[in-house]
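Here the structure is laid out as structure tokens; the discussion comes afterwards.
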């Protein structure tokens, strides 16, 4: 066992006495509340638990709520006595997750370090948003996701149920919404009720999102009478911002919305309901004569004002349903009630604008898992960081050598984020609070089969940022624990990343002989895959291409780029092998150079590129050339063609790139110095 426990998130206080004890599996001794929820969770985790006592002071209500007490104390003494104490059931659940991570199961017992842990979360809102509209996710996948979330102490599952491509909520009042708008792929009411109940058993809130007034192509396919333009539609297969929008001037729309959201509230008991509100393209509103007349009559100056009018009316309706609104940061307007919570996604400025205007905020800007970023990038975004610190973190992405291939896109993102308006707080309104954060996985390029790989290779790092103290920032230590904890997800859920990788590569016919190449490959970052070269160039130039993107909802996601992890931890280890801390001094030990030589031979021993499976051939040739270069560097000399070799190996192929190139560039520079 490592000298420090392999825990993630890292607890508030950990005191390890030294030494370990082996504790037999056995029954739980209950010293307080032994609710059905706790009994069920102990039974589920039984193979991973030692005999222990649990002292829970109070029973919890049926469903968790924002701000619940989740603290606990876990004590393992030198005699093998294990005691978990918590004031609530929610604290017991979090303590059980820590206990499972702390232990190492043997055949008959569990090995545990002698330790005392006192723990509680930093933020009350620690979430994961799953987009089930672009690609439908079966209910079993969401159950698996809940169990893995509980393991890393996440407590909010946000379901993005509707979008241009699909409507997944089972409306009885408007049955054509899921049947036509969802193309028949939607959840049944008992499935969602079961999901909410299972989540409550794990101390997780489930928040539904019905995205309005934009992102409604699927809705208007089924009920075109609510559109702001008389245009026949079909559920969209393409991705990107769509023109379709509901008609805020249509008085018949609001009773329909109330009926729909009443159905949603009947299934999802959480106090919050997400109304989306993002990316309203606006042309349908601008081109509508009835809408322009309505705006003149109501003295509404522009589309932003019309959007605010719509949000005001809808939020009042939801208040009648005893629900608080949460929405994406485009809805920020001083006319909205400060009961509205803003989900910030467009950078630090959108967070600051929400807080300044008195809105509580859930931070997601640094946590978009669909961008394929390494875990340390997400880990570096603190929801409560100063404006200056967040801005510096965002600017640093542009200079990150791992993101050179998308630098122009990142520069565009900075300009896009700067368009969010800052405003003074409305009179009499105190600044808002940061409630926590949510990681987001948008599923344009994610199927049910791929979801676990895309989420769990990095999400534990975000979970730690939302639970642990602000000064827990050591990336090397984070990665050490991340690899262990991600590997143990299969002990407590259906998430098994290693098994997925083996099966996926075998299905693609990729032999283990190609492992040295696979070890240094990663998918391209940011929106490079989703946009494609033409749409990316158009966006950088200041306009959008509605057509011409390389992916739609019907594109098979069965290539190598789809099954490789967003961050290759083996590639990270190889970069550390190449850069063992000696680059800064320029003085290299002989052992370091020997390890370079061994690595160089491994790369050169790859089969010739023409023997490679589809898409790997050019990448194999690049790595073989880099192997020749590294062998010469290991001898202490820099060949004249070093820069040409690096240049030839740079760039992307098949939406993949070689992750060791920046480090090799630094080696060449250091040896030339």
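The values are calculated or read from the model by the stated rules, or taken from the named source; none is laboratory data. This is a predicted model, so every value here is computed, not measured. Using ideal geometry, Cβ is built from the backbone for each residue, glycine included, and neighbour counts are taken over all protein chains shown.
When residue 162 is tested against (1) touching a helix residue (DSSP H, G or I) at 6+ places or on another chain (Cβ under 9 Å); (2) surrounded by fewer than 24 Cβ atoms within 10 Å (Cβ to Cβ); (3) closer than 20 Å to residue 244 by Cα, only condition (2) is not met. Checking 513, 561 one by one, the residue that is on the phi < 0 side of the Ramachandran plot, part of a helix (DSSP H, G or I), assigned by TED's automatic domain parsing to the domain that holds residue 650 and at pLDDT below 95 is 513 and no other. Among the conditions (1) touching a helix residue (DSSP H, G or I) at 6+ places or on another chain (Cβ under 6 Å); (2) on the phi > 0 side of the Ramachandran plot, residue 184 misses just one, which is (1). Within segment 618-658, which residues are under 35 Å from the mean Cα position of the chain (by Cα) and in a loop (DSSP other than H, G, I, E, B)? Those that are under 35 Å from the mean Cα position of the chain (by Cα) and in a loop (DSSP other than H, G, I, E, B): 650, 651, 652, 654, 655. Of the set (1) assigned to a loop (DSSP other than H, G, I, E, B); (2) at pLDDT 95 or above; (3) surrounded by 18 or more Cβ atoms within 10 Å (Cβ to Cβ); (4) under 30 Å from the mean Cα position of the chain (by Cα), all apply to residue 5 but (2).
Out of the residues in segment 602-617 that are part of a helix (DSSP H, G or I) and exposed (fewer than 14 other Cβ atoms within 10 Å of the Cβ), state the one that is modelled with the highest pLDDT.
Here the residue is 611.
Scanning segment 116-152 for residues that are buried (at least 21 other Cβ atoms within 10 Å of the Cβ) and part of a strand (DSSP E or B) gives 117, 119, 125, 126, 127, 128, 129, 130, 131. Just one residue in the set 293, 349, 286 is over 18 Å from residue 436 (Cβ atoms) and at pLDDT below 95; that residue is 349.
If you go through segment 245-294 and pick out every residue that is over 23 Å from residue 321 (Cα atoms) and surrounded by fewer than 21 Cβ atoms within 10 Å (Cβ to Cβ), you end up with 12. If we scan segment 519-542, do we find a residue that is in a helix (DSSP H, G or I), over 30 Å from residue 97 (Cβ atoms), without any contact (Cβ under 8 Å) to a residue 40 or more places away in the chain and assigned by TED's automatic domain parsing to the domain that holds residue 655? No, the conditions are met nowhere in segment 519-542. Considering only residues in segment 55-93 that are in a strand (DSSP E or B), touching a helix residue (DSSP H, G or I) at 6+ places or on another chain (Cβ under 8 Å) and touching a residue at least 40 places away in the same chain (Cβ under 8 Å), the one that is farthest from residue 17 (Cα to Cα) turns out to be 72.
For segment 480-498, state whether one or more residues are in a loop (DSSP other than H, G, I, E, B), more than 28 Å from residue 47 (Cα to Cα) and not assigned by TED's automatic domain parsing to the domain that holds residue 46. Can you show your working first?
Restricting attention to segment 480-498, the residues satisfying the condition of being in a loop (DSSP other than H, G, I, E, B) are 488, 493-496.
With more than 28 Å from residue 47 (Cα to Cα) added as a condition, the list becomes none.
Scanning segment 480-498, I find no residue that is in a loop (DSSP other than H, G, I, E, B), more than 28 Å from residue 47 (Cα to Cα) and not assigned by TED's automatic domain parsing to the domain that holds residue 46, so the answer is no.
Going by what's in this entry, would residue 294 be described as in contact (Cβ under 8 Å) with a residue 40 or more places away in the chain, closer than 23 Å to residue 209 by Cα and in a helix (DSSP H, G or I)? Here the answer is no, as residue 294 does not meet what is asked.
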